[in-house]
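Novice: Below are the structure tokens for one structure; questions will follow.
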């Protein structure tokens, strides 16, 4: 077993932090999972999605409100994690005068420990967002932004890509911090993909950018990267092909606009539209015959729900429905 820990300051009283840790129902800060069970000593707790198998189960060892919660936990959402024995998770909350100092510690097998080393701070940042008003205020939409410039993600700009995904891309939704947009290029099935860490995805995407295998775009405001778009020839985007079950025979000389990430403060200012326009221009310049995208059928919901872009944005850009794809539409535009 391997131990480790991460910690964070939260501008909230220990009782408020404790209540967020043991709350029943859906936890937006904890991968959108639903919590059921008892957090009393000797109790059992389960995290999962309604109508699906549990992603995580735990026995409560210590519940000393509002200071210490100790759980014997078993992750079940990925085969390599489920194969390891249950591990110990400890949450410690201490008043530090200006709020609370929160520590997440673990004693776990090598696979679980590796995941928590990579993702533990993201969990704490999610908890902070749930209880600390200052955390949400930091991410409020700016009323006005400067001029938007769109540039290609080249090996020379890999540091800007890293900075954006390290610090800004998912600050309002830390559960997705591990992606680094590797999802667009993945070849692994879901059960293996879910066990990947931010360290692995960051390293692989960095390497692919360095080899010129990623056609991404960054949007800048005042010299700072604030938005991202991943696009390219459809058959080169293995994650898109697999996720949407696309037929390669239908995608000769077709490009795809796969996803968008806009820093929360810069949303609602047309940044995604600027990225879309740039992607279309570049695909046209390559001599492709069409470009397609994959919006959800309904425009409502969170920014994360529309990470592939909104239907309204694509319709404004001249895309039309090509075919139905479950909860998504495939929309196309001739070039």
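Laboratory data are not the source of any read-out in this text; all were calculated from the coordinates shown. The model shown is predicted, which means the values in this text are computed figures rather than measured ones. Cβ placement follows ideal geometry from the backbone for every residue including glycine, while neighbour counts extend to all protein chains displayed.
Novice: Over all directions, the average projected area of the alpha-carbon convex hull for the stretch 232-321 comes to how many nm²?
Specialist: 5.9 nm²
Novice: Follow-up question, since we're still on this one. So what is Rg over Rh here for the stretch 148-334, counting just Cα atoms and using Kirkwood for Rh?
Specialist: 0.93
Novice: For the stretch 2-137, max minus min Cα coordinate along each principal axis, in Å, sorted largest first?
Specialist: Projected onto its principal axes, the Cα set of the stretch 2-137 covers 42, 32, 30 Å.
Novice: Going by how many other beta carbons lie within 10 Å of each one, how would you line up 199, 89, fewest first?
Specialist: Fewest-to-most ranking of 199, 89: 199, 89.
Novice: Relative contact order for the stretch 154-206: what percent, with Cα pairs under 8 Å and sequence separation of 6 or more?
Specialist: Value for the stretch 154-206: 38 percent.
Novice: Calculate for the chain the 222 nm mean residue ellipticity that helices alone would give, adding -39,500 (n - 2.57) per DSSP H run of length 4 or more and normalising by residue count, nearest 500 deg cm²/dmol.
Specialist: Roughly -8000 deg cm²/dmol at 222 nm, from the helical runs in the chain.
Novice: Checking the a/c ratio against 1.5 first, then a/b against b/c, what shape does the Cα gyration tensor give for the stretch 57-189?
Specialist: Verdict is oblate for the stretch 57-189.
Novice: In addition: Taking only Cα atoms and a 10 Å spring cutoff, compute GNM fluctuations for the chain and point out the largest among 25, 255, 239.
Specialist: Per the Cα network of the chain with a 10 Å cutoff, 25 tops the list.
Novice: Continuing with this model, one more query. Restricting things to Cα coordinates, could you compute the convex hull volume per residue of the chain in Å³?
Specialist: Taking only Cα atoms, the chain has a hull volume of 142 Å³ per residue.
Novice: Arrange the following residues from fewest to most other Cβ atoms within 10 Å of their Cβ: 84, 40.
Specialist: Ascending number of Cβ neighbours within 10 Å: 40, 84.
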